[in-house]
Amino acid sequence: MTPFTTLTGIAAPMPLVNIDTDMIIPKQFLKTIARTGLGKNLFDEMRYTQDGAEIPEFVLNQPAWRRAEIIVAGDNFGCGSSREHAPWALLDFGIRCVISTSFADIFYNNCFKNGILPVVLPPEAVAHLMDDAKKGENARISVDLANQTVTAADGVVFAFEVDAFKKHCLLHGLDDIGLTLEKAASIDAYEARAATTRPWA
Amino acid sequence: MTAPRTLYDKIWDDHVVHQADDGTCLLYIDRHLVHEVTSPQAFEGLRMTGRRVRAPDKTIAVPDHNVPTTLDRANAATMTEDSRIQVAALDKNARDFGINYYPVSDIRQGIVHIVGPEQGWTLPGMTVVCGDSHTATHGAFGALAHGIGTSEVEHVLATQTLIQRKGRNMKVEITGSLRPGVTAKDITLSVIGETGTAGGTGHVIEYCGQAIRELSMEGRMTVCNMAIEGGARAGLIAPDEKTYAYCIGRPHAPKGATWEAALAYWKTLFTDEGAHFDKVVTIRGEDIAPVVTWGTSPEDVLPITGMVPAPETFTGGKVEAAQRSLDYMGLTAGQKLTDIAIDTVFIGSCTNGRIEDLRAAAAILKGHKIKVKRAMVVPGSGLVRAQAEEEGLAQIFLDAGFEWRLAGCSMCLAMNPDQLAPGERCAATSNRNFEGRQGRGGRTHLMSPAMAAAAAITGHLTDVRELMV
């Protein structure tokens, strides 16, 4: 996994609330057995007409945001299914950070496994950053994971919370399966205990 | 004396393998359910790192999302190339890694969340995960069950654990009894209508109260299934006599002395008097009406007697979303819900694809013909299908003009050929009414099986109570 440390980039404004995983990557693209190549279908049904032409009004089709690396989104981003294809598609497009007032739990977790930082900020902060996002290249947003800050184009700094373990893994691009396997002795001991206390399981 | 604990606290405590100083836990997983869409990259990850499946006996796989539900599905030509590759990958992965498997040709094949309980894999007090958000279904047994992403699927395959931080406790109490014509689906949709789709975020919901106790196990599965639509990762219902009666004798349920030991343990699985909940929602069972969704979020719920709302009546940044919903759904504010004409009826899914759901729909349909363009029943498993045929339900559906399909996820998420055309309006017993969910441009109204059956025979959204004698 690619580590996430700092990022300064163009943010795409997507103020709609409840942007769900079916919008992020519709199910017809879940038939892949690979993790890559989904970027072209990110937000597919909002981005293209039925015959595949770009819908010019859609934010990521507009010249100002075609190279966005950040999305500033409405509340409850990523609700719906558990498909990790959603962060895979975002990453493949080039999005490394999503900022919102809240995220659905599974999507939030999935981001961290793929080098994407989801940032939760209060409504006033998201509104401030949404204004920046609307200015495209003229108002880049900076994100610093180590210091847990987002800096708006006008220099205003917003601090955000992130779980210490998730932060550690993301900062260093760590494979958490490897970390867990270091605790194999604890897992063995648990299984031995459960074999007597809950043998039916 | 230890502090009073919730049901969630107890299950959590019994599965902690290791707790770090910062509170991050390694949680043991008792059952890992696997399907073809969210697992291929995880198995590939194991191969690339030379890792094995740690507990193949606790890992159960079944193809469900992609599989055609038409009677000719044994013919490979009924599947698209990419679907065929995905199902073939699951066949191979199940074989290579030695996990429990129900292939498409097996009568026990079906939707993973229907197969798990049916085969007795899901039991009270367990931790159950699956790369599918509707894993919450298994919470009906008092099991801590939630959806995970593919990276976590790989983590569970390799380690039989998950790295987790504990969520908060939320109680949803449904007091009193339901009125006639009101079902588990109406409870779960009404709760989401009340709390919103983010109302449960970060929480595990325990559903309790008389109306929940009065539900069958299948009804309880319907309620827990949609906990995720309320934002909660998991929903729970404390096990009771109904739970034990459901589990006993199932192929993978314990037997003899082990059953007795299990039963003694299960009887400790309840929320202690005085345990703390971070959030409490109480709804009177008597106040719940048969409901339908009008928009493109599961929180867009109204009693069938209501009218399509006006977007400007919404607050909290939802005006734009509501207007977008109405435009997408082709509806006008002020329109009576019962005036909305339906093209298609879909009965099935992990929410409502069990035998009681089919009985409820058949009871309304008996002796009637459909007035919609098409209607289909997709049983949740091959065994549900066989039982419905034995009970004569299949004939009722066929006589009414329904298609009688083979088991799978089907039109709930429309990954297989069962899809809506643009503008096609569907009364569905599934769980999501998102834009494009059942097919690009398709319009979904969520409701109970009885309500879907009522819409099928009138051709428009209908208050099922008017058809009940």
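The values are calculated or read from the model by the stated rules, or taken from the named source; none is laboratory data. No experiment lies behind these values; they were computed from the predicted model shown. Here Cβ is always computed from backbone atoms with ideal geometry, including for glycine, and neighbour counts include all displayed protein chains. Remember, those area values only see protein heavy atoms, side chains included, never the ligands or the DNA or RNA. Shrake-Rupley method; radii C 1.70, N 1.55, O 1.52, S 1.80 Å.
Pick from B:Pro422, B:Pro449, B:Pro417: which is within 14 Å of chain A (Cβ to nearest Cβ) and closer than 21 Å to B:Cys350 by Cβ?
The match here is B:Pro417.
Kindly establish whether A:Lys113 is among the charged types (D, E, K, R) and in contact with a Gly (Cβ under 8 Å, 6 or more places away or on another chain).
Considered against the rule, which asks whether it is among the charged types (D, E, K, R) and in contact with a Gly (Cβ under 8 Å, 6 or more places away or on another chain), A:Lys113 comes out as yes.
Pairs, please: C-beta under 6 Å, at least 6 apart or cross-chain, first residue at the interface with chain A (Cβ under 10 Å from one of its Cβ atoms) and free of Cβ contacts under 8 Å to residues at least 24 places away in the same chain and in region B:116-134, second part of a strand (DSSP E or B) and charged (D, E, K, R)?
Listed pairs, sorted by first residue: none to list.
Listed here are the residues, each with its yes/no results for (1) under 29 Å from B:Ala76 (Cβ atoms); (2) outside any loop (DSSP other than H, G, I, E, B); (3) among the aromatic types (Phe, Trp, Tyr).
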| position | (1), (2), (3) |
| --- | --- |
| B:Arg359 | no, yes, no |
| B:Gly367 | no, no, no |
| B:Lys371 | no, no, no |
| B:Ala388 | yes, yes, no |
| B:Ala394 | yes, yes, no |
| B:Gly408 | yes, no, no |
| B:Gly423 | no, no, no |
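Could you grab the pairs with beta carbons closer than 9 Å, sequence gap of 6+ or different chains, first residue in region B:67-88 and within 14 Å of another protein chain (Cβ to nearest Cβ) and under 14 Å from B:Arg385 (Cβ atoms), second one crowded, with 20+ Cβ neighbours inside 10 Å and of a type in the set (S, T, N, Q)?
Once the first residue is within 14 Å of another protein chain (Cβ to nearest Cβ) and under 14 Å from B:Arg385 (Cβ atoms) and sits in region B:67-88, its partners that are crowded, with 20+ Cβ neighbours inside 10 Å and of a type in the set (S, T, N, Q) give B:Val67/B:Ser83; B:Val67/B:Gln109; B:Val67/B:Ser410; B:Val67/B:Asn416.
Which condition breaks for B:Gly441 when tested against (1) touching a residue at least 12 places away in the same chain (Cβ under 8 Å); (2) open to solvent by less than 10 Å² (accessible area, probe 1.4 Å); (3) in a loop (DSSP other than H, G, I, E, B)?
(2) is the only condition that B:Gly441 fails.
Within the set of pairs 6 or more residues apart or between chains, which connect a residue that is in a loop (DSSP other than H, G, I, E, B) inside region A:142-166 to a residue that is hydroxyl-bearing (Ser, Thr, Tyr) and open to solvent by 50 Å² or more (accessible area, probe 1.4 Å) with Cβ atoms less than 8 Å apart?
Taking only residues 6 or more apart or on different chains, the pairs are A:Leu145/A:Thr5; A:Leu145/A:Thr6; A:Ala146/A:Thr5; A:Ala146/A:Thr6.
Could you tell me how many of the residues in region B:69-103 are assigned to a loop (DSSP other than H, G, I, E, B) and under 19 Å from B:Asp132 (Cβ atoms)?
4
Among the numbered conditions (1) more than 14 Å from every other protein chain (Cβ to nearest Cβ); (2) open to solvent by 20 Å² or more (accessible area, probe 1.4 Å), tell me where B:Leu337 comes up short.
For B:Leu337, the exception is condition (2).
So which of B:Arg95, B:Arg5, B:Arg51 is surrounded by 16 or more Cβ atoms within 10 Å (Cβ to Cβ) and more than 25 Å from A:Pro199 (Cβ to Cβ)?
One residue alone meets the criteria, B:Arg51.
I need every pair where a residue in region A:99-116 that is at positive phi has its Cβ under 6 Å from the Cβ of a residue that is of a type outside the set (Val, Ile, Thr), sequence separation at least 6 or different chains.
A:Gly115/A:Met1; A:Gly115/A:Phe4
If you go through region A:97-150, how many residues are of a type in the set (Asp, Glu), farther than 21 Å from B:Gly147 by Cα and either more than 14 Å from chain B (Cβ to nearest Cβ) or under 15 Å from the mean Cα position of the chain (by Cα) (or both)?
4
Which residues, counting only those in region B:198-211, are surrounded by 24 or more Cβ atoms within 10 Å (Cβ to Cβ) and either at pLDDT below 95 or assigned to a helix (DSSP H, G or I) (or both)?
The one that is surrounded by 24 or more Cβ atoms within 10 Å (Cβ to Cβ) and either at pLDDT below 95 or assigned to a helix (DSSP H, G or I) (or both): B:Ala211.
Quick check: is even one residue across region A:8-22 touching a Leu at 6+ places or on another chain (Cβ under 9 Å), buried (at least 21 other Cβ atoms within 10 Å of the Cβ) and of a type in the set (Val, Ile, Thr)?
no
Here are B:Glu435, B:Glu424: which of them is in contact with an Asp or Glu (Cβ under 6 Å, 6 or more places away or on another chain), under 19 Å from B:Thr296 (Cβ atoms) and open to solvent by 10 Å² or more (accessible area, probe 1.4 Å)?
Residue meeting the stated conditions: B:Glu424.
What about B:Lys242, is it in a loop (DSSP other than H, G, I, E, B), among the charged types (D, E, K, R) and surrounded by fewer than 19 Cβ atoms within 10 Å (Cβ to Cβ)?
In short, no.
Just need a number here: residues in region B:150-167 that are of a type in the set (Gly, Ala, Ser) and under 10 Å from B:Val16 (Cα atoms).
0
Suppose we keep only residues that are in a loop (DSSP other than H, G, I, E, B) and crowded, with 17+ Cβ neighbours inside 10 Å within region B:259-288. Which one would you say is nearest to the other protein chains (Cβ to nearest Cβ)?
Result: B:Leu269.
Report, ordered by the first and then the second residue, all pairs with beta carbons closer than 6 Å, sequence separation of six or more or different chains, a first member in region B:269-293 that is acidic (Asp, Glu), and a second member that is surrounded by 14 or more Cβ atoms within 10 Å (Cβ to Cβ).
So the pair list comes out as B:Asp272/B:Arg5; B:Asp278/B:Arg168; B:Asp278/B:Asn169; B:Glu286/B:Gly176.
Among the numbered criteria (1) under 24 Å from B:Leu46 (Cβ atoms); (2) touching a residue at least 60 places away in the same chain (Cβ under 8 Å); (3) acidic (Asp, Glu); (4) open to solvent by 40 Å² or more (accessible area, probe 1.4 Å), which one does A:Glu182 miss?
Among (1) under 24 Å from B:Leu46 (Cβ atoms); (2) touching a residue at least 60 places away in the same chain (Cβ under 8 Å); (3) acidic (Asp, Glu); (4) open to solvent by 40 Å² or more (accessible area, probe 1.4 Å), A:Glu182 violates only (2).
Of the residues in region A:23-50, how many are within 9 Å of another protein chain (Cβ to nearest Cβ), closer than 24 Å to B:Ala321 by Cβ and buried (at least 23 other Cβ atoms within 10 Å of the Cβ)?
3
For region A:161-176, what are the residues that are crowded, with 18+ Cβ neighbours inside 10 Å and within 14 Å of A:Thr6 (Cβ to Cβ)?
A:Leu170 - this is the single residue of region A:161-176 that is crowded, with 18+ Cβ neighbours inside 10 Å and within 14 Å of A:Thr6 (Cβ to Cβ).
Whether any residue in region A:136-155 is open to solvent by 20 Å² or more (accessible area, probe 1.4 Å), within 22 Å of A:Ala89 (Cβ to Cβ), touching a strand residue (DSSP E or B) at 6+ places or on another chain (Cβ under 6 Å) and not acidic (Asp, Glu) is what I want to check.
no
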